[in-house]
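Read the structure below first, then the notes.
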Ligand code: RB5
């Protein structure tokens, strides 16, 4: 599976850890930056990640900023993106089961690595349930 990753300076360390963790598990990772702890603007990286999912270059995305909010808001400006701000495994599981989320967003300043690892594994290993949820997901887009 191909997974895109992105972050701002607040999420850089966890983005790097995520990349290493997933490559070791055999995933193909496309890294959209940023590439250091130096202050940057999260939309610059989140838009690139979002476009790669819309263009079918990556199946799923994972992104971090300090609170998760700014980078999550950015991704969700794209009609085809359903980015879920997740801070525990249960929310990550439901984001896939019920919302067919295609980007996992996490608040780097409010989670530790142990929590992040569990959230990532759950998100990647959970499939969309479909059924009544498909009807609801179809209604998310605005025209
Ligand atoms: C950066 O200081 C911080 O504002 C950013 O990482 C994020 O939390 C924004 O939503």
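Remark: pairs (first residue in the range 47-73, touching a residue at least 60 places away in the same chain (Cβ under 8 Å); second residue more than 15 Å from the ligand (Cβ to nearest atom) and in a loop (DSSP other than H, G, I, E, B); Cβ separation under 9 Å; 6+ apart in sequence or on different chains) = 60/1; 60/101; 60/102. The residues of the range 29-47 that are closer than 23 Å to residue 121 by Cα and either in contact with a helix residue (DSSP H, G or I) (Cβ under 7 Å, 6 or more places away or on another chain) or surrounded by fewer than 22 Cβ atoms within 10 Å (Cβ to Cβ) (or both), listed by number, are 29, 30, 31, 32, 33, 34, 46. Of the residues making up the range 105-133, those that are closer than 15 Å to residue 60 by Cβ, in contact with a helix residue (DSSP H, G or I) (Cβ under 7 Å, 6 or more places away or on another chain) and more than 16 Å from the ligand (Cβ to nearest atom) are 119, 120, 122, 123, 126, 127, 128.
Counting only residues that are near the ligand (Cβ under 10 Å from one of its atoms), at pLDDT 95 or above and in contact with a strand residue (DSSP E or B) (Cβ under 8 Å, 6 or more places away or on another chain), give me the strands (runs of 3 or more DSSP E) lying completely in the range 1-78 with at least 2 of them.
On the way: elements: 2-7, 28-31, 60-65.
It comes to 60-65.
Taking only the range 95-129 into account, find how many residues are more than 23 Å from residue 140 (Cα to Cα) and assigned to a loop (DSSP other than H, G, I, E, B). Give the steps one after another, and end with the answer.
So the first thing to find is which residues in the range 95-129 are more than 23 Å from residue 140 (Cα to Cα), and the list is 107-122, 125.
Among the residues that remain, those that are also assigned to a loop (DSSP other than H, G, I, E, B) are: 111-112.
Summing the residues that are more than 23 Å from residue 140 (Cα to Cα) and assigned to a loop (DSSP other than H, G, I, E, B) in the range 95-129 gives 2.
The values are calculated or read from the model by the stated rules, or taken from the named source; none is laboratory data. Note that this is a predicted model, so its numbers are computed, not measured. Cβ: placed from backbone, ideal geometry, glycine included. Neighbour counts: every protein chain shown.
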